[in-house]
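Visitor: Below you'll find the structure I mean.
Please treat every number below as a calculation from the coordinates, not as lab data. On a predicted model such as this, the values are computed, not experimentally measured, just so you know. Cβ coordinates were reconstructed from backbone atoms using ideal geometry, including for glycine residues, and neighbour counts include every protein chain displayed.
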Amino acid sequence: MAGTVGIYRRVLAAQMRSQVTYRASFLMSVTISGVFAALDLVVVLVLFGVARSMGGFGTAEVLVMFGLSSTAFAAADLAVGNLERLQFYVRSGLLDGVLLRPLSAFGQLVVVDFTPRRAGRVIVAVVILVVALARADITWTPATAVLAVVAPLAGAVMFSAVMVATATVAFWWIDSGELAFSLTNGGRDFTSYPINIYGAAMRRLFAYGLGFAFVAYYPALALLDRADPLGLPGWFGWVSPAVAAVAVAGAALSWRLGIRHYRSTGS
Amino acid sequence: MHPDLATVPPEPVDARPSIMSPLWALAVAGFRRYSTYRQATVAACVTNSVFGFLRSFVFLATIAGATAATGVANAAGYTAEQLLTFCWVTQGLIGVVALWGWTDLGDRIRTGDVVADLLRPLNPVLSYLAIDLGRAGFAVLIRFVVPVAVGALFFDLYVPRHLATYPLFAVSMILGVVVCFGCRFLLNAVGYWLLDLRGVIAAWFVVTGLFVGLTFPLPFLPDWAEATLWIATPFPSIMQGPLDILVERGGQAHQGLILLAQSLWSVVLLLSCAYVQQRAERKLVIQGG
């Protein structure tokens, strides 16, 4: 076990070194990655310049949801976002090589393609979250402080599970292209706004079916001490870790099924 | 049976060889090439439709908020129907104008295959444009129709009041494809000088996220910002222009102005492409030669 961890650590360190070697280029890509998080913020601010409020929530309140959602997404993107390259591994048959090595295929793919430049997005998202939390009307107690830390982490785990599960679609449907986008980037857009603005069917599917309501909306309600306009109880804001655990179990299952279904390229 | 070469009748020789026939053949080839990517087309239609739903509800919440704040049932001059049309038709246009993911030229520059393009007796800008218009023709049939039909099924979309709007929108959409092609060609042509296009592509994502009219209609921005974008950049010509024509914002004079701006930008961009291509050919060293 200790040996395996050591191998992962060495591969990860080598990957980090190779990415950071060209320092100016690396810093520029970190900056660009940060700009993307800022870009999402600009979109929300432009919409609020016209709307003033959405679903009965003001700018400061929605920015708390946006901050939680952005931070969770950015952290997940840093951790497992590179799995979107699975399509390439399946199409080219390179996954054969990965499966032959005596390490988990999942672990190898995560560390071998690790892209540290995505940290730029995490940094900007965390800054946005901290500023949003500071500006919102929150009564700070030990409980809300814990929630402010736990919620983005649970959200990151949930987004990671979605990224893994959607990446495994490539095992069955190689040319699925941007399909995964509709749940990963789509999930980020969905969780950036209060869920009571969505139509009933969409809310049932995305918010409760896929669990996206627990990334930002319910934790934000608990932080802001606001009642849910949809009438659900206040403790919903605290169950994100449990929802995240279910999401991870689902993602692990789809990964196992996918790996078993893999039949190489046949050439 | 294998046809004997000697029995094949000679091709009729055209007395006046026209440049149009190879370009037309390239356009047809572009259409057919993209019609073979079936899985990718289905995946893209699903993705565009999911984002259509997401944006529709965000726009509806925006207009509800704006109505509560101002007492007038519109957002920056758009009614709910116009905004929903904006949302679904822009999702359809993503595929038509090929907003993202076109790196054909950049890839060929990187691998050196571009040298084959230079050996052909056709202007590279025109031949790439012909292929792209063929591609757009296929995209209109599927990538445009599917999201717009889904949107019309679930939401009340704006129906143009004047018949003339339909042909004007068609022209504007074609000009949008040409403008977007010009931008994409220039973006890819950077590859003649830089080996790594990631930085420019990232910049293009920022531009398309904010300035073409996809994420929100440009009148949501302050007046000075909107005016600057229209005058100084080609980006509104890609989506905001066709959409304002379709939802008949500002009447027929405004529609004429949009078409004028799009035509001017088409000419400016295609000339720039030709100029850049010419400069590149003078300094080009094929990789791995």
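Visitor: If I ask for residues that are crowded, with 16+ Cβ neighbours inside 10 Å and under 22 Å from the mean Cα position of the chain (by Cα), which ones from the stretch A:251-267 would you list?
Guide: Residues satisfying the conditions are A:A251, A:S254, A:W255, A:G258.
Visitor: While we're here: List the pairs whose first member sits in the stretch A:178-189 and is within 7 Å of chain B (Cβ to nearest Cβ), whose second member is of a type in the set (K, R) and assigned to a helix (DSSP H, G or I), and whose Cβ atoms are under 9 Å apart, counting only residues at least 6 apart or on separate chains?
Guide: So the pair list comes out as A:D189/B:R55.
Visitor: Residues that are in contact (Cβ under 8 Å) with a residue 12 or more places away in the chain and within 30 Å of B:R38 (Cα to Cα): which helices (runs of 4 or more DSSP H) entirely in the stretch B:125-239 hold 2 or more of them? Reasoning before the result, please.
Guide: Details: elements: B:145-154, B:165-189, B:198-210, B:223-232.
So the answer is B:145-154, B:165-189, B:198-210.
Visitor: Name the residues in the stretch A:1-43 that are over 24 Å from A:R188 (Cα atoms) and touching a residue at least 60 places away in the same chain (Cβ under 8 Å), would you?
Guide: Once the filter is applied, which keeps residues that are over 24 Å from A:R188 (Cα atoms) and touching a residue at least 60 places away in the same chain (Cβ under 8 Å), the stretch A:1-43 yields A:T4, A:I7, A:Y8, A:V11, A:L12, A:Q15, A:M16, A:Q19, A:V20, A:F26.
Visitor: Can you find, within the stretch A:213-231, the residue that is nearest to the other protein chains (Cβ to nearest Cβ) among those that are in contact (Cβ under 8 Å) with a residue 40 or more places away in the chain and in a helix (DSSP H, G or I)?
Guide: The residue in question is A:Y217.
This table checks each residue for (1) over 30 Å from A:V169 (Cβ atoms); (2) touching a residue at least 12 places away in the same chain (Cβ under 8 Å).
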site: A:L68; (1), (2): no, yes
site: A:G81; (1), (2): no, yes
site: A:G93; (1), (2): no, yes
site: A:A132; (1), (2): yes, yes
site: A:I138; (1), (2): yes, yes
site: A:A143; (1), (2): yes, no
site: A:M158; (1), (2): no, yes
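Visitor: May I pose another question? For the stretch A:32-61, enumerate the residues that are among the aliphatic types (A, V, I, L, M), under 24 Å from B:A64 (Cβ atoms) and facing chain B (nearest Cβ under 10 Å). Before you say what the answer is, go through the steps one by one.
Guide: Going residue by residue through the stretch A:32-61, those that are among the aliphatic types (A, V, I, L, M) are A:32, A:35, A:37-39, A:41-47, A:50-51, A:54, A:60.
Checking which are under 24 Å from B:A64 (Cβ atoms) leaves us with A:41-47, A:50-51, A:54, A:60.
Listed by number, the residues that qualify are A:V42, A:V43, A:V44, A:V46, A:L47, A:V50, A:A51, A:M54.
Visitor: For the stretch B:98-124: of the residues being of a type in the set (D, E) and part of a helix (DSSP H, G or I), which is surrounded by the most Cβ atoms within 10 Å (Cβ to Cβ)?
Guide: B:D104
Visitor: Condition first: within 32 Å of the chain's Cα centre (by Cα) and aliphatic (A, V, I, L, M). Now tell me which residues in the stretch B:60-81 satisfy that.
Guide: B:L60, B:A61, B:I63, B:A64, B:A66, B:A73, B:A75, B:A76, B:A80
Visitor: Here is a further query. What are the residues in the stretch A:211-238 that are within 24 Å of A:D189 (Cβ to Cβ) and surrounded by fewer than 18 Cβ atoms within 10 Å (Cβ to Cβ), if any?
Guide: Selection gives A:R226, A:P229, A:L230, A:L232.
Visitor: So in the stretch B:199-252, with the set limited to residues that are surrounded by 19 or more Cβ atoms within 10 Å (Cβ to Cβ) and of a type in the set (S, T, Y), which one is farthest from the other protein chains (Cβ to nearest Cβ)?
Guide: For the stretch B:199-252, the residue satisfying everything is B:S237.
Visitor: Restricted to the stretch B:41-59, and to residues that are facing chain A (nearest Cβ under 7 Å) and of a type in the set (A, V, I, L, M), which residue is surrounded by the fewest Cβ atoms within 10 Å (Cβ to Cβ)?
Guide: B:V46
Visitor: Quick one: count up the residues across the stretch A:62-97 that are buried (at least 19 other Cβ atoms within 10 Å of the Cβ), more than 16 Å from A:M158 (Cβ to Cβ) and among the polar types (S, T, N, Q).
Guide: 2
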